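Participant: Please read through the structure below; I'll follow up with questions.
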């Protein structure tokens, strides 16, 4: 018995469907992969720029003994006399603006700080620079370099706020009254600093009358007057 061989191939519609699916997958891959690689490429350019600028600034310092008070605008050279320390000052590859350059504000600055933002937030150089929680003015940059004699202005992470504990008002110590021995006479209700020292059997807090006439009873009187208040 012979079997009939199926020689049916792909139809044009099936081929077009496969091409369309591959095209969609390619677009998805491009949308996810290409922007990330572009950000990383721009960050690499920023780090190369900073290395070149830093070297040029330090060579400038070695010659003049201070750093330039003004930073050349993009694509202009950094020169001192006939010497050129940066041939064409680079600018940010995405913003097309000059990098942030800070000095001590004098005409012969003794330090510099240079700031920018890396786009890839996972870049380890952000942590290496100490800028994970921000650097520079208003903590708005995440990467930078500085002259060897100073560090970057790093920002501390926000501290958790706690509910302040209201102050506790101290409880006033009560005035302690007790019945004095009386020396054989009628005991008087008097103020004592240490009624325990005088072995007073009863103490009357804030009661200068000692509950009326209780001091007339001998059993309510202190043994001695050693703990009595002395004005």
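Values in this text are rule-based calculations from the coordinates and carry no lab data. None of these values were measured; they are calculated from a predicted model. A quick note on method: Cβ atoms are made from the backbone with ideal geometry, for glycine too, and the neighbour counts reach across all protein chains shown.
Participant: Using the number of other C-beta atoms within 10 angstrom as an exposure proxy, rank 115, 67 with the fewest first.
Facilitator: 67, 115
Participant: Length gain on complete extension for the stretch residue 120 to residue 154, per 0.36 nm per residue less the alpha carbon to alpha carbon distance?
Facilitator: 10.3 nm
Participant: Just the number, please: percent antiparallel of the DSSP beta bridges in the chain, rounded to the nearest 5.
Facilitator: 95 percent
Participant: Now a separate question. Using the 10 angstrom Cβ neighbour count as an exposure proxy, how do 69, 147 rank, fewest first?
Facilitator: The fewest-first ordering by Cβ neighbours comes to 69, 147.
Participant: Next question. Note down, for segment 34-85, the three equivalent ellipsoid semi-axes (square root of 5 times each alpha carbon gyration tensor eigenvalue), biggest first, whole angstrom.
Facilitator: Semi-axes (√(5λ), whole Å): 29, 11, 8.
Participant: Between residue 193 and residue 14, what is the spin-label point distance in nm, taking each point 7 Å from the Cα along the Cα→C-beta axis?
Facilitator: 11.0 nm
Participant: On a full-extension model of 0.36 nm per residue, what is the gain between residue 225 and residue 59, subtracting their alpha-carbon distance, rounded to one decimal in nm?
Facilitator: Here the answer is 50.9 nm.
Participant: Can you give me the C-alpha center-to-center distance between segment 132-163 and segment 211-231, rounded to a whole angstrom?
Facilitator: 70 Å
Participant: Pulled fully out, how much extra length does the chain show between residue 107 and residue 27, if you take 0.36 nm times their separation in residues and subtract their Cα-Cα distance?
Facilitator: Gain on extension, residue 107 to residue 27, equals 23.4 nm.
Participant: Do me a favour and compute the ellipsoid semi-axes for segment 92-147 from its Cα gyration tensor, root of five times each eigenvalue, largest one first, whole Å.
Facilitator: Three semi-axes, in Å: 21, 14, 9.
Participant: Same structure again: What three numbers, in Å, describe the spread of the alpha carbons of segment 44-146 along their principal axes, ordered from the longest?
Facilitator: Answer, in whole Å and largest first: 42, 24, 19 Å.
Participant: Oh, and also: Rounded to the nearest whole Å³, what is the per residue volume of the convex hull around the Cα atoms of segment 174-231?
Facilitator: Cα convex hull per residue, to the nearest whole number: 68 Å³.
Participant: When only alpha-carbon atoms count, how far does the chain stretch along each of its three principal axes, as whole angstroms with the largest first?
Facilitator: 132, 94, 25
Participant: Using only Cα atoms, tell me the angle between helix 12-64 and the longest principal axis of the chain; keep it within 0 to 90° and round to the nearest 10.
Facilitator: In the chain, helix 12-64 runs at an angle near 70 degrees to the longest axis.
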